Structures are given as C-alpha cells and as structure tokens.
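The values are calculated or read from the model by the stated rules, or taken from the named source; none is laboratory data. Treat the numbers as computed from the prediction; the structure is a model and nothing was measured. Neighbour counts are summed over all protein chains in view; Cβ atoms, including those assigned to glycine, are modelled from backbone coordinates with ideal geometry.
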Amino acid sequence: MKKKELILVGGGGHCRACIDVIEAEGHLKIAGILDVPSKVQQRILKYKVIGTDREWERFIKQRKIFLITLGQIGDLQKRALKFEKLKNMNAQFATVISPRAYVSSHARVGMGTIVMHQAVVNINAVIGENCIINTKAVVEHDVLVGDHCHISTGSVVNGLCRIGNNTFIGSNAVIKEGLSICDNVVVGAGSVVIRPIIESGTYVGSPARKLPSRSQRYVLNNFEGVSKIKKVVLLTKEEKPTVKEVIEFLNAHFEECIVYRGHLGDKFPLEVLEDKPDILISYISPWIVPKEILEKTRLWNINFHPGSPEYPGTGCFNFASYNQEKIYGTTAHLMTEKVDTGKIIAVKRFSLSGADSVYALSLQTYDHMLQLFYETINYILTHNQLPVCSEVWKRRPYKRRDLEELCRLDHSMSKDEIQRRVQATDYLGKPGAYIEIEGHKFEFDPTR
C-alpha cells in the first residue's frame, strides 16, 4: 500500500523529534518541510526544506497531508494560527502516534496531534486537534485536553481533568485529579496544580501560583525589601528556550529590568557599565562577564548554568551524554572572573529518562533551569538574601579544547567508543565528530 505523503510545517528542534516518531511509526512518507525562506534547500536530518508557508495551496492541491511541527515553547499562538489557516483551506492532517507510546483503544486523539515516545493516553481520555503529547507525558483516564495544547515531557495530568485550548503544561508538572484549567494557560516546569485555574496566565511553583502581568507589578507576600532591590540586568541569548518566561518574570517583580540579548561571537555590550544594577543575571548568555562589570553590581552577580556541579564549563550537555549519565542537573552560582567557579547557591537535579540525544537532554535541562530560576529569585524576593547551598564544583571547567578532543575519532578506538562520541557530539548547527586522514579533516554528517 502506497504511503501518504506528509508535509511538515516548521523546521526547528521539535521537527526533528517529530521526524523520529514518524519514521518509527512507518505509515507516512515525509515529502518535505516548510520553513522560513532562509532555510529553503537546507536539510533537517535527511529531509529537505522544500518551501515556505506560501506553498501551502500547491501542496493541498497535490493532496499532501500536513503536520504542524513548530514547537510551542515561547508562543502558544503560532501553532494554532497555522493549523486553523490550513484547516480553513481544506487541508488534511496526519495524526501520529509513536509505536512506543500507549494509547488506549477507548481513547480518542484528534487530527493533527502527535503522541511521542513512551507517552500514555489512558482509557476514555480525549485529546483535541493539533496537540503535542510529549515524551513520557501521562494523560490519565477520562481527561479532556482541548485543541492546540502541549502536554510536555514527563508531565502528569491526572484523571477527570479538563485542560482548556491553547494550554501548555511544562515538563514534570503535575495536575491534581478532577481539576479544570481554562484556555490560554502556561503551567511552568515542575509546578504542581492543586486548585482549578479559572484565569488565563502563567502559573509556577508548588502549589502553582499565577505570575503577575507587567501591568500588575507587585512583590511576593512578606517581602519588604523592594526599596532595596529595584534594578536587574539580564544577559541572555536570542531565541533560546525559556528566555521569554525569564524576562516576563523579571519585568513583573522588579521596578526596572534591562535585557541584553546576543549570539555567540558578539561583542560584550559595554553599556552594562553604566547600568549599575542591584542584581546582574546571566541566563544562557553568550558572554563571559568582565571583572569591571561584576564590580559595578551592587548586590549579586548570578549565573544559571545548564549543568550540574560535575559539569562546569563548555560542552556540559556533550560530556554528560558521553558519560551516559542517568541523573543530571542545573546550577545557580555567583559569578567570578573565571567561568563556573563561583560559590554555588542552588542546584536542581533530575532524571534523564527519555533523553536519548544531546538535543533532548538540553530541552529537559532548560525546563528545569527555568524552575531553578523561579525558585532562586523567589527566595531572594522573599528573604532578601541568597539561598544557602552546601554543594561545590566537582572539577575544573571544561574548555573548548576538551570538547574538540571529544569530537575527535581515530582508527584505534573501539566501535562502542566511536558510537558514544558521535552521539555525544551530534547537535544541530554545531561541529560534530570528525576524523583526520593524512592532514584532511572529515566531519560526520548525520543527515547523510
């Protein structure tokens, strides 16, 4: 029987995860990917970006079917808008269920929805259209999930819950049985919802509480130090997971939040010299902060590092993958001149179940790092001091030359060693494993 041809809409990291599930299911043939004009003719894994959204009508006429493979972190509306627009053009959609997931024969899964590896959708559950039920998520019996929802990795929606449209349930979040959550809600990673949510917004913590909007600026209960801590500077990267949530939180809780975004290789923004903040925060930042900047901060310079104390420095995801870690973590620490050597103030550890690639490991880490950020800054706001932690760094920071050495292959290595190095250095857009032969360098290309 001829397989139906599938068009994937959106070519980011979530697209790669979807491809893995589609290939494992084996019922559909991926005809190509649609993305922004700058990505046309590029390949994602072995599949070519064949056009942009302007080609929708052509592929509909060719009777291709569609799946929205745009991720949902950061903007809940983009997936919904693309789906509804295609639906209004009479496009047909795929429903994809991993063979490694469990979906009860008495459950219903809507069109355009994907159920990822090791997810569970139990008896009488109903999943709406254009949803993501992500790796190891559990949707229990008699749950109703609305359209355009993302039930993220490892989260649990207990029995008889009602989840509204356009709702995001973060990694490892838990929704107590029988609760209703209204439309347009974000539940942060690791949060525990124990009461119904009747107002749209972002909810974090255990128990989950709503973050104020920027216009509502207020401080947490029992905090009397707002006159002391007013100004925060954030250094971060463009378009990284959870950055939007960090900025929203800081804007809501401090009188002034100045944000500097950049890419690797960008010059450090020297305007920070004039800011003289109460707190300087580095969160997935592309810059090493100079000593003269650190000295201008009135209270604390805090970095959120996407690795546990065993993995300071660069390439932390890669080395954890190479070492086949089962438990990983993310670290909050004070900054000094030397990268990842300052006093540790908080650590959040988690299981790496389901993280079968460096990319999957990074997504889990960013979710937990956001939770660590919330907990750390909430503690500072509540107690007007830093949290206390007894953990220390376990080794010197990894440097770029260490990562370069991990990428290197040679003929003397065993098959297992080569496979571990290749998997640990396979990350989209980054240099991977290579071998040198007579002065020529040959890099491993996983798309070929």
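Summary of values
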quantity: Those residues of segment 351-405 which are of a type in the set (S, T, N, Q) and over 22 Å from GLN419 (Cβ atoms), in sequence order; calculated: SER351, THR365, GLN371, THR376, ASN378, THR382, ASN384, GLN385, SER390
quantity: Any hit, segment 381-395, residues being under 30 Å from PHE254 (Cβ atoms) and either within 24 Å of the chain's Cα centre (by Cα) or of a type in the set (D, E, K, R) (or both); calculated: yes
quantity: Residue check, GLY128 surrounded by fewer than 24 Cβ atoms within 10 Å (Cβ to Cβ) and either at pLDDT 95 or above or among the acidic types (Asp, Glu) (or both); calculated: yes
quantity: Filtered residues of segment 136-164 (kept if touching a residue at least 40 places away in the same chain (Cβ under 8 Å), part of a loop (DSSP other than H, G, I, E, B) and within 19 Å of GLN77 (Cα to Cα)); calculated: ASP147, HIS148, SER152
quantity: Of the criteria (1) part of a loop (DSSP other than H, G, I, E, B); (2) more than 20 Å from GLY26 (Cα to Cα), which one PRO99 fails; calculated: (2)
quantity: Check on ASP356, of a type in the set (D, E, K, R) and within 23 Å of SER191 (Cβ to Cβ); calculated: no
quantity: Residue count, segment 356-392 (criterion: of a type in the set (Gly, Ala, Ser) and in a helix (DSSP H, G or I)); calculated: 2
quantity: Filtered residue count, segment 239-282, keeping only those that are acidic (Asp, Glu) and either assigned by TED's automatic domain parsing to the domain that holds GLY190 or in a loop (DSSP other than H, G, I, E, B) (or both); calculated: 5
quantity: Matching entry among SER152, SER104 (being within 22 Å of THR167 (Cβ to Cβ) and surrounded by fewer than 16 Cβ atoms within 10 Å (Cβ to Cβ)); calculated: SER104
quantity: Flag if SER353 is assigned to a helix (DSSP H, G or I) and out of contact with any Asp or Glu (no Cβ under 7 Å at 6 or more places or on another chain); calculated: no
quantity: Near pairs, Cβ below 7 angstrom, 6+ apart or cross-chain, from segment 28-39 (in a strand (DSSP E or B)) to any residue that is of a type in the set (Phe, Trp, Tyr); calculated: ILE30/TYR47; GLY32/TYR47; ILE33/TYR47
quantity: Qualifying residue in segment 323-340 (condition: more than 29 Å from ARG421 (Cβ to Cβ) and of a type in the set (Lys, Arg)); calculated: no
quantity: Condition check for VAL109: modelled with pLDDT of 95 or more and surrounded by 20 or more Cβ atoms within 10 Å (Cβ to Cβ); calculated: yes
quantity: Which numbered condition THR331 misses (of (1) in contact with a strand residue (DSSP E or B) (Cβ under 8 Å, 6 or more places away or on another chain); (2) assigned to a loop (DSSP other than H, G, I, E, B)); calculated: (2)
quantity: Residues that are within 22 Å of MET1 (Cβ to Cβ) and touching a Phe, Trp or Tyr at 6+ places or on another chain (Cβ under 7 Å), drawn from segment 16-58; calculated: ILE19, ILE30, GLY32
quantity: Residues (part of a loop (DSSP other than H, G, I, E, B) and either at pLDDT 95 or above or farther than 17 Å from LYS64 by Cβ (or both)) located in segment 6-27; calculated: GLY12, GLY26
quantity: Condition met for GLY170 (in the same structural domain as PRO196 (by TED's automatic domain parsing), touching a Ser or Thr at 6+ places or on another chain (Cβ under 7 Å), of a type in the set (Gly, Ala, Ser) and on the phi > 0 side of the Ramachandran plot); calculated: no
quantity: Of residues in segment 210-230 being at pLDDT 75 or above and buried (at least 17 other Cβ atoms within 10 Å of the Cβ), the one nearest to VAL186 (Cα to Cα); calculated: LEU211
quantity: Verdict on GLU292 being surrounded by fewer than 20 Cβ atoms within 10 Å (Cβ to Cβ), at pLDDT 90 or above and in a helix (DSSP H, G or I); calculated: yes
quantity: ILE97 being under 22 Å from LYS244 (Cβ atoms) and touching a strand residue (DSSP E or B) at 6+ places or on another chain (Cβ under 7 Å); calculated: no
quantity: Residue that is surrounded by the most Cβ atoms within 10 Å (Cβ to Cβ), among those in segment 411-433 that are more than 27 Å from the chain's Cα centre (by Cα) and at pLDDT 90 or above; calculated: ILE418
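Conditions tested, residue by residue: (1) of a type in the set (D, E, K, R); (2) at positive phi; (3) under 20 Å from the mean Cα position of the chain (by Cα).
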{"position": "ILE60", "(1), (2), (3)": "no, no, no"}
{"position": "GLU84", "(1), (2), (3)": "yes, no, no"}
{"position": "SER105", "(1), (2), (3)": "no, no, no"}
{"position": "GLY110", "(1), (2), (3)": "no, no, no"}
{"position": "MET116", "(1), (2), (3)": "no, no, yes"}
{"position": "VAL120", "(1), (2), (3)": "no, no, no"}
{"position": "ALA125", "(1), (2), (3)": "no, no, no"}
{"position": "HIS148", "(1), (2), (3)": "no, yes, yes"}
